[in-house]
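I have placed the structure first, in the form of structure tokens, so that the comments after it can refer back to it.
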Amino acid sequence: MNRAQRLAALNAELAKRILILDGSMGAYLQGFGLTTNDFHGTRFVEHPMSLKGDNDVLVLTQPETIAKVHEAYVAAGIDIVSTNTFNATRISQGEYALEDVVYEINVEAARLAREVCDRAEAQDGKPRAVAGSIGPTTKLLSMSPEVGDPGRRDADFDGMAKGYEEQVLGLIEGGADLLLIETVTDTLNAKSALWGAWEAFDRTGVELPLWISGTITDRSGRTLSGQTVEAFYSSVRHADPWAVGLNCALGPADMRAFLADLARVAECAVSAYPNAGLPNAMGGYDETPHSMEDHYAEWARAGLLNIAGGCCGTTPEHIEHMKHAVEGVAPRKIPVRDVRLKLAGLEPFTAAA
């Protein structure tokens, strides 16, 4: 099954049921007890910096381990596997002095995920898509990193977009079916990712569906750069996304109201993949597979979901329960596009008809 056939099959399923995304990469990797030597592997034995904690480099140094994570989520019943590339940009890998292998990380991460999906498809005939994970980087374009110097920026739009272009080119070569621009805290970063993706599409002649997922950082209901959920959607609506959603920071209980806001206005599929609750005092996550199942079941019955998955702290067991929660429930009905002009700063603005 080629990319076009797989996407057609995925869209046909999206019209009939709630699709299932995988869960956390980091939470599951913790169970492997990887050491600093494991992160370095044989290739980076003499690397001058410690690579422990750089999960993305594991696609080069421990590919069998990353494949096992993907396989566990496939066994849990997912439709979409996300690549292990959340920090696979020059900006983020610069923290580990690995800028020169960024392209290779993205190619290999997408290839690994695609191979796991292909093996599963060969066994049961069920199509599974690979979503290229594109994280926010470690820099912000809209905000200064220093309170006393509000005009300071440690990155610029063009440079960040170029980095994203490199990432997308690698994901396309490796076999990704979708691009998942996720954990968006600064909408300007997301716009640079979109620009980089469009540049990559022009260079390759391959255009992948765009999926954009924002993060509400606290109970105020705003992103870190200050936008409400509706304003965030209005800011990326021009990209004609395949799906928009919310993920990460909030647990399912606190995410519910903001997910409802997004489901009300989004003219495309809506996704949700929260953390397994907010981190506790020990840095763990308290939402169990059973407790999260209850939230997903209510969201599905309320007509808020087209795609469901998990973020930090979730495991294949969480995904199994979540899949059970939404099984047999009709997906959210996608509304007809509103032709009115929609603009946004921190708040949304819709022009009168």
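The values are calculated or read from the model by the stated rules, or taken from the named source; none is laboratory data. Worth saying up front: this structure is predicted, and the values here are computed from it rather than measured. Virtual Cβ from ideal backbone geometry, glycine too; neighbours counted across all protein chains shown.
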Within the stretch 124-158, can you find the residues that are surrounded by 13 or more Cβ atoms within 10 Å (Cβ to Cβ) and outside any loop (DSSP other than H, G, I, E, B)?
-> Ala129, Val130, Ala131, Gly132, Ser133, Ile134, Phe157
Within the stretch 292-312, track down each residue that is touching a residue at least 60 places away in the same chain (Cβ under 8 Å) and closer than 11 Å to Pro252 by Cβ.
-> Ala308, Gly310, Cys311
Go through the stretch 201-301 and tell me which helices (runs of 4 or more DSSP H), entirely inside it, have 2 or more residues that are at pLDDT 95 or above and farther than 16 Å from Val184 by Cα.
-> 252-265, 289-301
Just give me the residues in the stretch 97-110 being out of contact with any Pro (no Cβ under 9 Å at 6 or more places or on another chain) and charged (D, E, K, R), in sequence order.
-> Glu99, Asp100, Glu104
With Glu104, Glu64 as the choices, which residue is out of contact with any helix residue (DSSP H, G or I) (no Cβ under 8 Å at 6 or more places or on another chain) and part of a helix (DSSP H, G or I)?
-> Glu64
Out of Gly77, Gly41, sole residue that is in contact with a strand residue (DSSP E or B) (Cβ under 7 Å, 6 or more places away or on another chain), surrounded by fewer than 19 Cβ atoms within 10 Å (Cβ to Cβ) and at pLDDT 95 or above | Gly77
Name, by its number, the condition in (1) of a type in the set (A, V, I, L, M); (2) at pLDDT below 95; (3) closer than 30 Å to Ala155 by Cα that does not hold for Leu29.
-> (3)
Selected residue (criterion: farthest from Gly313 (Cα to Cα)) from residues of the stretch 267-302 that are surrounded by fewer than 16 Cβ atoms within 10 Å (Cβ to Cβ) and among the hydrophobic types (A, V, I, L, M, F, W, C) = Ala302
Of Leu246, Leu250, the only residue that is within 15 Å of Leu180 (Cα to Cα), surrounded by 24 or more Cβ atoms within 10 Å (Cβ to Cβ) and within 17 Å of the chain's Cα centre (by Cα) is Leu246
Note on the stretch 206-238: residues surrounded by fewer than 19 Cβ atoms within 10 Å (Cβ to Cβ) and either in contact with a helix residue (DSSP H, G or I) (Cβ under 7 Å, 6 or more places away or on another chain) or of a type in the set (Ser, Thr, Tyr) (or both) are Val206, Glu207, Thr217, Arg219, Ser220, Gly221
Does Arg222 qualify as being free of Cβ contacts under 8 Å to residues at least 40 places away in the same chain and not hydroxyl-bearing (Ser, Thr, Tyr)?
-> no
Which one of the conditions (1) assigned to a loop (DSSP other than H, G, I, E, B); (2) under 23 Å from Tyr273 (Cβ atoms) does Ala197 fail to meet, given that it meets all the rest?
-> (1)
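Which is in contact (Cβ under 8 Å) with a residue 60 or more places away in the chain, more than 16 Å from Ser225 (Cβ to Cβ) and not hydroxyl-bearing (Ser, Thr, Tyr), of Ala176, Ala155?
On the way: Ala155 fails: more than 16 Å from Ser225 (Cβ to Cβ).
Going through Ala176, Ala155 in turn, just one is in contact (Cβ under 8 Å) with a residue 60 or more places away in the chain, more than 16 Å from Ser225 (Cβ to Cβ) and not hydroxyl-bearing (Ser, Thr, Tyr): Ala176.
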